[in-house]
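Reading through the structure tokens given below for one structure.
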Amino acid sequence: MGMDLNLLTMFAAVADTGNFRAAADRLGVTRSAVSQGIRRLEETIGQPLFQRTTRSVRLTEEGERFLETVHSPLLEIGAALETARSASGMPHGLLRVAVTSIAERFLSGPLVAEFAIAYPGITLDVTVTDEEFDIVAAGFDAGVRLGEVIEQDMVAVSLTGEQRQVAVATPRYFERHGIPQHPRDLAGHRCIGWRPSPETAPYRWEFERDGQEFDVAVEPQVTTNDMLLMIRTALADGGITFGIEETFAPYIRRGELVTVLDDWLAPFAGFYLYFPGRRSVTPKLRALIEHVRKFRMRVPPL
């Protein structure tokens, strides 16, 4: 008797999430069904695949080896099934994308809204995260990040042109505290910084002059992983903040924020939609790729 492929799907979901309930939610079944399915799979194999405690679920050594064996074939089977289902109709299914919080073009609303309207059969699940991880191992179909940090084995499709970072504050703040003429002058200013997580140091502000790159640890008085809080604090005359120019563009156009140190801030490669090149592209992902390409050509920079 052949093995039920649903058991392999359950196994991969539990291995990915590290949690029976989370795996059940992803698959749209009950926690009991997942638990029983994993037990049946372990009985079939004759080896425990997970170490279970009251707080966590972890793969055993045998489980890790089994995951390495079945992970790629499962992805290929899923892609083949989706391609077959979509051959005579519109793409459909769940499309999971991990997007950095600073990818304003993707997160500003129109790109996602237009995609949802054009492809009603696709459920787009966007996770906004600045953590660095293997999107394939985490169960994502694609990601959006700056080109300079994308792994070389990924296929990257340009979402924006070149980008630039800027230092901004309100005109009132600069009237009260003066305008820095050199990045080192930032040490005398109240700064609003960013960090991806509580465990990491605040991001060092990067500058360039005459081909020489350097960064400045500004020791921000306010630090957060929320770009919206950074903007709101700056708009309230809270200090100088730093980030991708597109993020601040609406406020700069209205004169609510002004840039400084522009001569020290050079352009760099922008944002890309990226996905693994070693597996076939599903119809739902192909739809997003084409949408991103058309959106970039049609919609001007923010």
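Residues that are open to solvent by less than 90 Å² (accessible area, probe 1.4 Å), touching a strand residue (DSSP E or B) at 6+ places or on another chain (Cβ under 8 Å) and not hydrophobic (A, V, I, L, M, F, W, C) within segment 207-224 comprise E208, D215, P220, T223, T224, listed in sequence order.
Condition first: of a type outside the set (S, T, N, Q), open to solvent by 50 Å² or more (accessible area, probe 1.4 Å) and part of a loop (DSSP other than H, G, I, E, B). Can you find one or more residues in segment 237-249 that meet it? Write out each step before concluding.
Just the residues of segment 237-249 that are of a type outside the set (S, T, N, Q), to begin with: 237-240, 242-246, 248-249.
Filter again for open to solvent by 50 Å² or more (accessible area, probe 1.4 Å), leaving 245.
If we keep only those that are part of a loop (DSSP other than H, G, I, E, B) too, we end up with none.
No, segment 237-249 has no match at all.
Annotation note: Cβ proximity below 6 Å between a residue of segment 200-211 that is farther than 14 Å from I244 by Cα and a residue that is of a type outside the set (F, W, Y) and assigned to a loop (DSSP other than H, G, I, E, B) (sequence gap 6+ or interchain) occurs for P202/R195; P202/P220; E208/A266. Against the condition of a type in the set (D, E), over 29 Å from D262 (Cα atoms), surrounded by fewer than 17 Cβ atoms within 10 Å (Cβ to Cβ) and at pLDDT 90 or above, how does D125 come out, does it pass? Yes. Within segment 22-48, the set of residues being farther than 18 Å from A137 by Cα, assigned to a helix (DSSP H, G or I), open to solvent by 60 Å² or more (accessible area, probe 1.4 Å) and in contact (Cβ under 8 Å) with a residue 12 or more places away in the chain comprises R40, T44.
Please list, ordered by residue number, the strands (runs of 3 or more DSSP E) wholly in segment 104-203 having 1 or more residues that are within 30 Å of D16 (Cβ to Cβ) and in contact with a strand residue (DSSP E or B) (Cβ under 9 Å, 6 or more places away or on another chain). Quick ask: steps written out before the conclusion?
Numbers: elements: 122-128, 142-146, 154-158, 165-169, 191-194.
So the answer is 122-128, 142-146, 154-158, 191-194.
When we screen K294, K284 for residues that are among the basic types (K, R) and open to solvent by 70 Å² or more (accessible area, probe 1.4 Å), the only hit is K294.
For A167, the test of being among the aliphatic types (A, V, I, L, M), under 18 Å from I244 (Cβ atoms) and not assigned by the TED database to the domain that holds R232 is failed.
Do the conditions hold for V258, that is, is it assigned by the TED database to the domain that holds A142 and in contact (Cβ under 8 Å) with a residue 60 or more places away in the chain?
Working: assigned by the TED database to the domain that holds A142: no; in contact (Cβ under 8 Å) with a residue 60 or more places away in the chain: yes.
Here the answer is no, as V258 does not meet what is asked.
Filter segment 128-141 down to residues that are of a type in the set (A, V, I, L, M) and buried (at least 17 other Cβ atoms within 10 Å of the Cβ) and give me whichever is modelled with the highest pLDDT. Across segment 128-141, the extreme among qualifying residues is I135.
Can you tell me which residue in segment 106-122 is farthest from G243 (Cα to Cα), limited to those that are surrounded by fewer than 15 Cβ atoms within 10 Å (Cβ to Cβ) and out of contact with any Gly (no Cβ under 8 Å at 6 or more places or on another chain)?
Keep residues of segment 106-122 that are surrounded by fewer than 15 Cβ atoms within 10 Å (Cβ to Cβ), which gives 109-110, 113, 116-118, 120-121.
Going one step further and asking which of them are out of contact with any Gly (no Cβ under 8 Å at 6 or more places or on another chain), we end up with 109-110, 113, 116-118, 120.
Details: G109: 19, P110: 21, A113: 25, A116: 29, I117: 31, A118: 32, P120: 34 Å.
Filtering first and then ranking leaves P120.
The sole residue among A84, A79 that is open to solvent by 50 Å² or more (accessible area, probe 1.4 Å), among the small types (G, A, S) and modelled with pLDDT under 90 is A84.
The values are calculated or read from the model by the stated rules, or taken from the named source; none is laboratory data. What you are looking at is a predicted structure, and each value in this text was computed from that prediction instead of being measured. Neighbour counts run over all protein chains shown; Cβ positions are idealised from the backbone, glycine included. For the accessible areas, the whole protein counts, side chains as well, though only heavy atoms, and no ligand, DNA or RNA atoms are used. Shrake-Rupley method; radii C 1.70, N 1.55, O 1.52, S 1.80 Å.
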